[in-house]
Amino acid sequence: MASPLNRRHRRTAPYVIMNNNTQLPAVAYSARQPDQENSANSNNGIQILTNTPLQQPQQQQMQRAALSLFDLVRRAQNTLNFTGRIRRWMRRNQEHSELPERSDSFLEKFAPATKSESTQKEQSKTWVIDPSKTFFYYWSSIVSLAVLYNCIMLIGRSAFLLLQERLLIVWLIFDYLCDVCYIVDTFIQTRRGYLEQGLIVRDIAKLRKNYMRSRAFILDIISLLPTDFLYFVPKLRLVPALRFNRLFRIYRTFEFSDKVETQTNHPNVFRLVSLLIIIMIIIHWNACFYFIISRWIGYSTDGWVYNMTAPTAATLTTQYLYCFFWSTLVLTNIGEVPPPETDIEVLFVTADFLTGVLIFATIVGNVGSIIASMNAVRADFRQKVDQVKQYMVFRKVGKDLERRVITWFDYLWLQKQVANEDIVLGALPQKLRVEIAIHVHLAALKRVPIFAEAQPGLLVELVTRLKLQIFSPGDYVCKKGDIGKEMYIIKRGRLSVVSDDGTKIFVTLEEGSVFGEISILNIPGSKTGNRRTANIRSVGYSDLFCLTKQDLWEVLAEYPSARDTLIERGKAHLRKDNLLDEEAAQKAQQDEAAIPEKVTRLEGNIDNLETRLARLMGEYTANMAALGQRLQTVEKLAGPRRETLTDEKLSRKNTLDAIGVETHEDDV
């Protein structure tokens, strides 16, 4: 096994050694120490030693070969060094600045931890990319930009030579930056996790094997083929078309597009923008093909090809704009273009017309679908409004009430609210629905004094039962003397406590106020019972969270200790307002305390009745069995006598028939 020093020596750059006796450059490895390597400028990897003079032609050939080899090795070494730095950076980022996973507040409160510390430490040692995390999302955006660059610029530089010549250095820099991006993306694909039995696979060997079996691996390898080496062929020097294999990674752009469409809050707008980008790229490619065919046939040779004799025809801007304009006219079939004159021109224009028909149909279909999707919510809302309008016309509802109903719908649409949240959230699992309810309603529920220090489980059960109600201006939320069946929490708007005739305002309730919580507790001894004690009217449009008495007591049945605590808090509130009858409350408490004894006594009576009923049923069964036996005995004794009487009856009838006397069967 080689020592680390020897391995370090093998990684040092080779030297090209030339002398008078050599015809080709020989390669030898340096044996310098690491400190000498740091002091020497050996990062470029190659040093050309040409101190000994050679013959002039042969020396020039050797110098060109050495320079070419120098450029090639330096480029390869820089790429490997960059890849190594990227790998070390990702490793440090994983060890020191790994983002914590999203905490689940619901599970933290009500469920024990399911992962041991050893399992977490073991998983943290392996750097696996979760496709659902933000890192992979942003990295996919970078790869998509690289793919789009190749998709747009490679064909453009191949068609318009002025574009390639003017910014050659810039294009080469961007080309190799995209290559580096492709290499890093291939490495990331080998660490891309996937779900197996609902869990992210973290076995590196398994991830690599899964990637190598996929079609993406073949496409990635094709896109990474070093076709740039063909640049050294004199006839193919710096031809951009040699890099067309980079377009095989375009599937990553479609993956990123699907992910953005899923995560964005405006999917219809994104679909429309994506469709326009695809159409523009197709028009761009067709324009480039038109200019390439014009160059191949010859500029200005006929009326169809590009006319190079115009004053500004030789400029890059004019060339591209005219070709793009021509391509747009042909593919959209909305304008006239010069007719083709040669066979190749006819074939190209025919293919363009057929492609244009497909593009036009695609545009119409997709844009129609996008517009329909954008208006789906509004159309559904308008349908509900029309149904209510038709019902009010059919039932001859008054104009004032009809106007209030329509105004209520307008407010609902302007505020972007839904009348029934259960329908909207019905597609989600119960776990996510609970989390959304906690996020939306928990803060409002904690504002209720009697629920301020309630058990977390009770609050979780209650927040899922809060319903949103919207009241129009002048609507009464409750009136004095009504039976209290709900409690309300003001989310938005203002409510007024008014007199019986509605002319005098006592107090105004604003956002966060709570009322009606005492009436739904059924507190014994309350002087008001469960009746409303005030008239509450909405000033403008008001959004209220409502909790019904039935939902509250269904939850309290599972939390008896919380029920007792809430009742005691309600009694304290009533005592403060002098609305609690202590004697009635004490009597009700005694009656409630006596309920278990009464239930026990009632259960004993029921057991006695069941015992007596079982005894009676047993006696009845025995008597019925004895009666059956007696009937069988009687039938056995009466059988022979019945047969004798039947024979005598028949003989009498035969005798009377023989002497000619008419008889009836009953007479005999």
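Sort the following peptides by mean Cβ neighbour count (other Cβ atoms within 10 Å, averaged over residues), highest first: 468-480, 595-607.
Values: 468-480: 16.5, 595-607: 9.8.
Output ranking for 468-480, 595-607: 468-480, 595-607.
Any chance you could run the full-extension gain for R612 through I292? It's 0.36 nm times the residue separation minus the Cα-Cα distance, nm to one decimal. Value of the extension gain: 104.5 nm. The distance from the alpha carbon centre of segment 447-511 to that of segment 615-653 is 79 Å, rounded to a whole number.
Taking 7 Å steps out from each Cα toward its Cβ at E261 and I200 produces label points 2.6 nm apart.
At a Förster distance of 35 Å, what's the computed FRET efficiency of A314 paired with T134, Cβ-Cβ distance as r, to 0.05? Efficiency for this residue pair is about 0.10.
Give me I489, I406, I293 sorted ascending by neighbouring Cβ count inside 10 Å, so fewest comes first.
Working: I489 22, I406 14, I293 18.
Final ranking by Cβ density, sparse to dense: I406, I293, I489.
Neighbour counts of other C-beta atoms within 10 Å: give me K396, K467, K384 arranged from fewest to most. Could the numbers behind the result be given before it?
Values: K396 7, K467 15, K384 12.
The most exposed by this proxy come first: K396, K384, K467.
Amide H contacts of M308: S300, each under 5 Å away and 5 or more positions distant or on a separate chain (H built 1.01 Å from N in the peptide plane; Pro and chain starts excluded).
What does a probe at T126 reach in segment 182-223, counting residues whose amide N is under 13 Å from the point 7 Å along Cα→Cβ? Correct set: 191-196, 199-210. A simple rule links phi to the HN-Hα coupling: the Karplus curve 6.51 cos²θ - 1.76 cosθ + 1.60 with θ = phi - 60°, which for segment 486-493 gives 9, 10, 10, 10, 7, 8, 8, x Hz, with x for Gly and Pro.
Peptides 269-276, 199-206, 250-257, 620-627 ranked from most to least packed give 250-257, 269-276, 199-206, 620-627, packing being the mean of other C-beta atoms within 10 angstrom over each peptide's residues. Cross-link pairs exceeding 29 Å in C-alpha to C-alpha distance, out of K384/K504; K467/K571; K491/K576; K431/K491; K384/K467; K504/K527, comprise K384/K504. Amide H contacts of R492 (H built 1.01 Å from N, in plane; Pro and chain starts excluded): D543 sit under 5 Å, all sequence-distant by 5 or more or on other chains.
Computed 3J(HN,Hα) for segment 520-537, one whole-Hz value per residue from the Karplus formula 6.51 cos²θ - 1.76 cosθ + 1.60 where θ = phi - 60°, is 8, 8, 6, 6, x, x, 5, 5, 8, x, 10, 8, 6, 10, 8, 9, 10, 10, glycine and proline marked x.
Return S513, S140, S651 ranked ascending by Cβ neighbour count within 10 Å, so the fewest neighbours appear first. Write down the numbers at each step before the final one.
Working: S513 16, S140 20, S651 10.
Placing the least packed residue first, the sequence is S651, S513, S140.
Relative protection proxy for 388-394, 148-154, from highest mean packing down: 148-154, 388-394 (other beta-carbon atoms within 10 angstrom).
At 25 °C and a viscosity of 0.890 mPa s, what translational diffusion coefficient does Stokes-Einstein give for segment 124-262, taking Rh as the Kirkwood radius over Cα pairs? Give it in µm²/s as a whole number. The partial results should precede the final answer.
Values: Rh = 16.4 Å.
It diffuses with D of about 149 µm²/s by this estimate.
Taking Lys and Arg as +1 and Asp and Glu as -1, the other residues whose beta-carbon sits under 12 Å from that of A588 total -3.
Neighbours of Y290 by Cβ distance under 11 Å: Lys/Arg scored +1, Asp/Glu scored -1, total -1. The H on the amide N of N535, modeled in the peptide plane, is under 5 Å from the matching H of K480, V498, each at least 5 residues off or on a different chain.
Whole-Hz ³J(HN,Hα) for each residue in segment 344-351, computed from phi via Karplus 6.51 cos²θ - 1.76 cosθ + 1.60 with θ = phi - 60°, x for glycine and proline: what do you get? Ordered by residue, 3J(HN,Hα) equals 5, 5, 5, 4, 5, 5, 5, 4 Hz.
None of the figures in this text is laboratory data; all of them are computed from the coordinates on show. Quick caveat: nothing in here was measured; it's all calculated off a predicted structure. Glycine gets a Cβ as well: all are built from the backbone with ideal geometry, and neighbour counts include every protein chain shown.
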